[in-house]
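The values are calculated or read from the model by the stated rules, or taken from the named source; none is laboratory data. Just so you know, these numbers come straight off a predicted model, no measurement behind them. Don't worry about glycine lacking a Cβ; one is built from the backbone with ideal geometry, like all the others, and counts go over all protein chains shown.
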Amino acid sequence: MYKRKIENILTQWKSSPHRKPIVIKGCRQCGKTSSVLDFAHKNYSHVIYLDFHEHREYLAFFTGSLDVDTLTFNISAGMPDAQFQPGETCLIFDEIQDCPSARSSLKFFHRDGRYDVICTGSLLGVNGYKSPQEQKDQQRASIPVGSEHIVTMHPMDFEEWLWSNGITEQHIQYLRQCLENETPVSDAIDQRMHQLLRQYIVVGGMPEAVTAFHETNNMNDVLAVQSSIVDNYKADMLKYALPSDKSRIRECFDSIPKQLAKTNKKFQYSTIQKGARASQYLGSLQWIEDAGIIHRCYNTSITELPLSGNAIQDCFKVYMADIGLLMSMLEPGTAWSVLQGDLLGYKGAIYENLAADILSKMGRPLYYFQKEGGLELDFLIRYRGECCPVECKATTGNAKSLQTVLKHPEHYHVNQAIKVGKYNVGRSGALLTLPLYMLFLLTDY
């Protein structure tokens, strides 16, 4: 079992005397179920696990009254081993989006207070096809506003990946000190971290892919896992999307590598299909985003805070939420090229998506800046109270746009910038240079 940050969130949740049922949402196969079950078995005497996706018969428990006594009676009748002991029983509702009435029951569990409830959901934000019975359940159900605590869980982030490879908190604290003091990382640590970064690019953060890497050290096994996950995503698109949207969702999803391979990585509907318009595909793209498969990175009108207020809503890039899944969608042999440091034409796409992966898994929304004339900044973040451009380089290289912006603070209002790539820690005036593996340490807002 890998160390995951969700465990700290669950521990804090359980320590609250006024805790509400917690709902952990995130893309499929990012580790929600295994993390929740591991936590529950460590912290409760009795764990009752209901998977609504695999066991449709469990939906019947919630067809009548949602009173807690009625529900516990129904569940214990259908699951003879279930034991309900106040303060010692945890109910786990897995894939709760498949049972809307179970989600409605959370307000009753919250009011009752005898039992803790942890829920997971992969497609909570997705609107799509529902059977006649599911439509009836949806009409009967309601989201328990104010009676649930919602948390988003991502695939393993880069720091969790480091933990899985034996990097300790002592090592990470050393990197933090190098960042804070702006001193170079020692050669031995630097080489190991760059190696782990390259491996993270090709493996990503899906726990099953990480396990395949550690157990077999065979990239073909890793790619097989990743391809299976991508195939499952495509199956979800066929199963859950509205019939009229199915093909367009697939076309949007399949176009992502092509979108990122362009020199101008702005998402263009014409790349999906010649002559395609936003009105045709906007809902399809939203479906993929709501499923947690992609993240949008919005262009901003100016390089100033607040970034969300300056975002241009119809001008954005699209990145895969997990870098390893992007790698599995590229042509065969790309992963081997990355491990050898030979990226050819994909280097910009891969390393930008890597930065997006790291930043988004930190909980940072994604923004960039581009204006006519060619000036472009890969990412903009809020750092130490200011708008800070972040330029991502696969190898060493000049960052002309950064230099232009820093030379004209009267126009761009930027006083600091960061360049990440195959570097060590260094500074030149307002420009801080960092190895790309230190991007996850930029936690100072």
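When only residues in the range 316-366 that are free of Cβ contacts under 8 Å to residues at least 60 places away in the same chain and polar (S, T, N, Q) count, which is farthest from L260 (Cα to Cα)? Step by step, filter the range 316-366, then rank; the result is Q340.
Collect the residues in the range 114-155 that are in a loop (DSSP other than H, G, I, E, B), within 14 Å of I22 (Cβ to Cβ) and either at pLDDT 95 or above or among the polar types (S, T, N, Q) (or both), keeping them in residue-number order. Scanning the range 114-155 gives Y115, S147, E148, M153. Scanning the range 167-222 for residues that are within 22 Å of V338 (Cβ to Cβ), without any contact (Cβ under 8 Å) to a residue 60 or more places away in the chain and assigned to a loop (DSSP other than H, G, I, E, B) returns I167, N217, N218. Where helices (runs of 4 or more DSSP H) fall entirely within the range 328-445, those with at least 2 residues that are outside the structural domain of V318 (by TED's automatic domain parsing) and surrounded by fewer than 17 Cβ atoms within 10 Å (Cβ to Cβ) are at 400-407, 409-412. Here G87 meets each of (1) farther than 15 Å from V145 by Cα; (2) crowded, with 19+ Cβ neighbours inside 10 Å; (3) more than 28 Å from the chain's Cα centre (by Cα) with one exception, condition (2).
Residue-wise test of (1) touching a helix residue (DSSP H, G or I) at 6+ places or on another chain (Cβ under 8 Å); (2) within 19 Å of I6 (Cα to Cα); (3) aliphatic (A, V, I, L, M).
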site: S35; (1), (2), (3): yes, yes, no
site: H46; (1), (2), (3): no, no, no
site: L59; (1), (2), (3): yes, no, yes
site: T70; (1), (2), (3): no, no, no
site: N74; (1), (2), (3): yes, no, no
site: F109; (1), (2), (3): yes, no, no
site: G113; (1), (2), (3): no, no, no
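Scanning the range 299-315 for residues that are closer than 25 Å to N415 by Cα, without any contact (Cβ under 8 Å) to a residue 60 or more places away in the chain and in contact with a Lys or Arg (Cβ under 7 Å, 6 or more places away or on another chain) returns no hits.
Criterion applied to E331, E251 was being acidic (D, E), farther than 23 Å from Y367 by Cα and touching a helix residue (DSSP H, G or I) at 6+ places or on another chain (Cβ under 8 Å), and the one residue passing it is E251.
Take I288 and decide whether it is surrounded by fewer than 17 Cβ atoms within 10 Å (Cβ to Cβ) and closer than 27 Å to R382 by Cα. No.
Of the residues making up the range 199-234, those that are within 11 Å of G324 (Cα to Cα) and over 16 Å from the mean Cα position of the chain (by Cα) are Q199, V202, V222, L223, V225, S227. Just one residue in the set I302, I312, I294 is crowded, with 20+ Cβ neighbours inside 10 Å and modelled with pLDDT of 95 or more; that residue is I294.
Conditions (1) in contact with an Asp or Glu (Cβ under 9 Å, 6 or more places away or on another chain); (2) aromatic (F, W, Y); (3) at pLDDT below 95, marked per residue:
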{"residue": "R4", "(1), (2), (3)": "yes, no, no"}
{"residue": "K14", "(1), (2), (3)": "yes, no, no"}
{"residue": "F39", "(1), (2), (3)": "yes, yes, no"}
{"residue": "T70", "(1), (2), (3)": "no, no, no"}
{"residue": "C90", "(1), (2), (3)": "yes, no, no"}
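Among the residues of the range 244-254, is there at least one that is under 29 Å from M156 (Cα atoms), of a type in the set (A, V, I, L, M) and either modelled with pLDDT of 95 or more or in contact with a Ser or Thr (Cβ under 8 Å, 6 or more places away or on another chain) (or both)? Taking every residue of the range 244-254 in turn, at least one turns out to be under 29 Å from M156 (Cα atoms), of a type in the set (A, V, I, L, M) and either modelled with pLDDT of 95 or more or in contact with a Ser or Thr (Cβ under 8 Å, 6 or more places away or on another chain) (or both). If you check F93 against the conditions, is it in contact with a Leu (Cβ under 6 Å, 6 or more places away or on another chain), under 23 Å from V210 (Cα atoms), among the hydrophobic types (A, V, I, L, M, F, W, C) and touching a residue at least 24 places away in the same chain (Cβ under 8 Å)? No.
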